[in-house]
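Asker: Below is the structure I would like to discuss, written out as structure tokens.
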Amino acid sequence: MLEIQEVSKNFGGLRALDHINLTVQKGDLNSIIGPNGAGKTTLFHVISGYHPVDEGKIIFGGEDITNKPAWAICRKGICRSFQVIDIFPKLSVFRNVQIAVLSRKRQTLNMFASSESMAEEEVEELLTEVGLAEQANDVSGSMSQGDQKRLEIAIAMANRPKLLLLDEPTAGMSPVERVSTVDLIEKLTRERGLTTLFTEHDMDVVFGISGRITVMHFGKIVAEGTPQEIRENELVRKVYLGEAT
């Protein structure tokens, strides 16, 4: 599904990504972990077209998408949520998802049609799927952190992704919200046949649902394997899981 080949990204004198090689297979539910500043979000940015790479290639479904614009990559099937929630906070929950659906259908520029009922059925189905149907008319900026994260996932799903990138999907959530969001991610990946790659600091989440885990540090991949292999990795135990050195 995704192959990252020797990808590097510099910001001035800072090398945020240093010759990254990563392969994601179709149907995977994998995670990327590492301390703040490890390069996780930058990696998502270059995959999804928000930053150009300085070296290397990104191959998606056999096609070279290196440095293509974000909108083009989205239309090819890579959609994402963000570490800092990115929604239209003054619009309703329904409108946020509706805009994404109409954008995918390329119906956003029809100035002669009323948008009131456009794509209504599809939007309602998406909101039901992520558990926000009863909040469809709520102003999105007034919702809890957890519900806003769910809304972001619904917006991403409105674009019918093949590969879903989730940047810290449970950040700032209560324990109850965290459990329900993890269940949602697993459900979407399984039932929609998605391939999902996520970053996360909650190790219970990471080890609970990941098929494979990639560990980053200072822009490099320092370990990769199954949850059991990562648990047994001495570097990961000492540095990333907080055990004494």
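The values are calculated or read from the model by the stated rules, or taken from the named source; none is laboratory data. Treat the numbers as computed from the prediction; the structure is a model and nothing was measured. Quick reminder, even Gly has a Cβ in these numbers, built from the backbone with ideal geometry, and neighbours come from all protein chains shown.
Asker: I need a count of the residues in segment 61-106 that are farther than 19 Å from Asp167 by Cα and aromatic (Phe, Trp, Tyr).
Answerer: Count: 1.
Asker: Now, a different point. Being in contact (Cβ under 8 Å) with a residue 60 or more places away in the chain and in a strand (DSSP E or B) is true for just one of Ala38, Ala16. Which residue is that? Please lay out each step first, then the result.
Answerer: Numbers: Ala38 fails: in a strand (DSSP E or B).
None of the other options fit; the residue is Ala16.
Asker: Name the residues in segment 61-97 that are part of a strand (DSSP E or B) and not acidic (Asp, Glu), would you?
Answerer: Ile78, Cys79, Arg80, Ser92
Asker: Then there's this: Any chance segment 48-57 includes a residue that's in contact (Cβ under 8 Å) with a residue 60 or more places away in the chain, out of contact with any Lys or Arg (no Cβ under 9 Å at 6 or more places or on another chain) and either within 20 Å of Leu194 (Cα to Cα) or basic (Lys, Arg) (or both)? Reasoning before the result, please.
Answerer: As a first pass, look at segment 48-57 and keep what is in contact (Cβ under 8 Å) with a residue 60 or more places away in the chain: 48.
Now restrict to residues that are out of contact with any Lys or Arg (no Cβ under 9 Å at 6 or more places or on another chain): none.
Within segment 48-57 (the criterion being in contact (Cβ under 8 Å) with a residue 60 or more places away in the chain, out of contact with any Lys or Arg (no Cβ under 9 Å at 6 or more places or on another chain) and either within 20 Å of Leu194 (Cα to Cα) or basic (Lys, Arg) (or both)), the answer is no, since none of the residues qualifies.
Asker: Give me the residue from segment 48-73 that is of a type in the set (Phe, Trp, Tyr) and surrounded by fewer than 19 Cβ atoms within 10 Å (Cβ to Cβ) and, out of that set, nearest to the chain's Cα centre (by Cα). Explain how you work it out, then say what you get.
Answerer: Keep residues of segment 48-73 that are of a type in the set (Phe, Trp, Tyr), which gives 50, 60, 71.
Checking which are surrounded by fewer than 19 Cβ atoms within 10 Å (Cβ to Cβ) leaves us with 50, 71.
On the way: Tyr50: 13, Trp71: 15 Å.
Applying the filter and picking the extreme gives Tyr50.
Asker: Any residue in segment 140-148 that is at pLDDT below 90, closer than 30 Å to Glu3 by Cβ and not in a helix (DSSP H, G or I)?
Answerer: no
Asker: Right, here's the next one. Among the numbered conditions (1) more than 25 Å from Thr42 (Cβ to Cβ); (2) within 18 Å of the chain's Cα centre (by Cα); (3) modelled with pLDDT under 90, tell me where Glu121 comes up short.
Answerer: (2)
Asker: Which ones in segment 128-155 are closer than 16 Å to Glu191 by Cα and in contact with a helix residue (DSSP H, G or I) (Cβ under 9 Å, 6 or more places away or on another chain)? Spell out how you get there, then give the answer.
Answerer: Initial filter on segment 128-155 (closer than 16 Å to Glu191 by Cα): 128-131, 153-154.
Those that are closer than 16 Å to Glu191 by Cα and in contact with a helix residue (DSSP H, G or I) (Cβ under 9 Å, 6 or more places away or on another chain): Glu129, Val130, Gly131, Ile153, Ala154.
Asker: Identify, by number, the condition in (1) surrounded by fewer than 21 Cβ atoms within 10 Å (Cβ to Cβ); (2) among the hydrophobic types (A, V, I, L, M, F, W, C); (3) under 18 Å from Gly39 (Cα atoms) that Leu165 doesn't meet.
Answerer: In the conditions (1) surrounded by fewer than 21 Cβ atoms within 10 Å (Cβ to Cβ); (2) among the hydrophobic types (A, V, I, L, M, F, W, C); (3) under 18 Å from Gly39 (Cα atoms), Leu165 misses (1) alone.
Asker: Considering (1) touching a Ser or Thr at 6+ places or on another chain (Cβ under 9 Å); (2) exposed (fewer than 15 other Cβ atoms within 10 Å of the Cβ), say which one Asn36 fails and leave the rest.
Answerer: Result: Asn36 passes all but (1).
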